[in-house]
Amino acid sequence: TNNWPHEPLVANHPTSANLLWSIASIVLLLAGVGALVWFFFARTREEEAPEPPAADPLDAFPLTPSMRAVGKLCYVVVALFGVQVLLGALTAHYTVEGDSFFGLPLGKILPYAVTRTWHLQTAVFWIATAFLAVGLFLAPAVGGREPRFQRLGVNLLFGALLLVVVGSLGGEWFAIQQTMGPDATFWFGHQGYE
């Protein structure tokens, strides 16, 4: 962890290499951003404004059955994002009130380790699901046709997504509650890492 977080009570101070490379990275980042801004504004040629299309290009193609099937993935993205936000609020609140939420003893059902793990895990899930949904929606539009069994594939992928999300979150909860053995915890649970 390179002596992070800084804690003088246990003699945990940042190393000189840590300070040097932290400062160097900030200086290089600012220099890079400055160079990009300079390059953008130093160009002398004027670009013409693009001509807007006469009609909305997204109205030009019909929705295929697989595109309609992707809709449920969008609902999953919204649900996972909402759960992530709520878990983040609960996790942050635990730092103030310990193991309860405005007096409700939620720490017994959802301990800090579970809420923190789920907060990070749901972020990975909703981002991956959003990318997947966009790709599955745009593929028939860009390709001009829908491949055979595309709708079936989207529905199977939706089932697999639910299995992975529910299985992952459930396995982490059971592992943190110590209701699984060490072998099952290794394969299906929480190994102490996010």
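Every number in this text was worked out from the coordinates using simple rules, so none of it is lab data. These numbers were taken from a predicted model, which means no experiment stands behind them. Every residue, glycine as well, gets a Cβ built from its backbone with ideal geometry; the counts of neighbours run over all protein chains shown.
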Check: Does the chain come out rounded, prolate or oblate by the C-alpha gyration tensor, with a ≥ b ≥ c the root eigenvalues, rounded set by a/c under 1.5 and, if not, prolate when a/b is larger than b/c and oblate if not?
Finding: oblate
Check: What is the gain in length, in nm to one decimal, between GLN177 and VAL96 on full extension, counting 0.36 nm per residue of separation less the C-alpha to C-alpha distance?
Finding: 26.9 nm
Next item on the list: Using +1 at the Cβ of each Lys and Arg and -1 at the Cβ of each Asp and Glu in the chain, identify which of ALA130, GLY107, LEU86 lies farthest towards the dipole's positive end.
Entry: ALA130
Notebook entry, point to check: If we sort 98-108, 60-70 on the protection proxy, mean other Cβ atoms within 10 Å, highest first, what's the order?
Noted result: 60-70, 98-108
Next item on the list: Order the peptides 80-91, 24-35, 173-184 from the highest to the lowest mean number of other Cβ atoms within 10 Å of their residues.
Entry: 80-91, 173-184, 24-35
Next item on the list: Report the full-extension gain for the segment VAL37 to SER25: residue separation times 0.36 nm, less the Cα-Cα distance, to one decimal in nm.
Entry: 2.5 nm
Item checked: Three-way shape call for the stretch 1-83 based on the alpha-carbon gyration tensor, with the a/c threshold at 1.5 -> oblate
Notebook entry, point to check: Which value in nm describes the separation of the simple spin-label points at LEU163 and ASP59, placed 7 Å from the Cα toward the beta carbon?
Noted result: 4.2
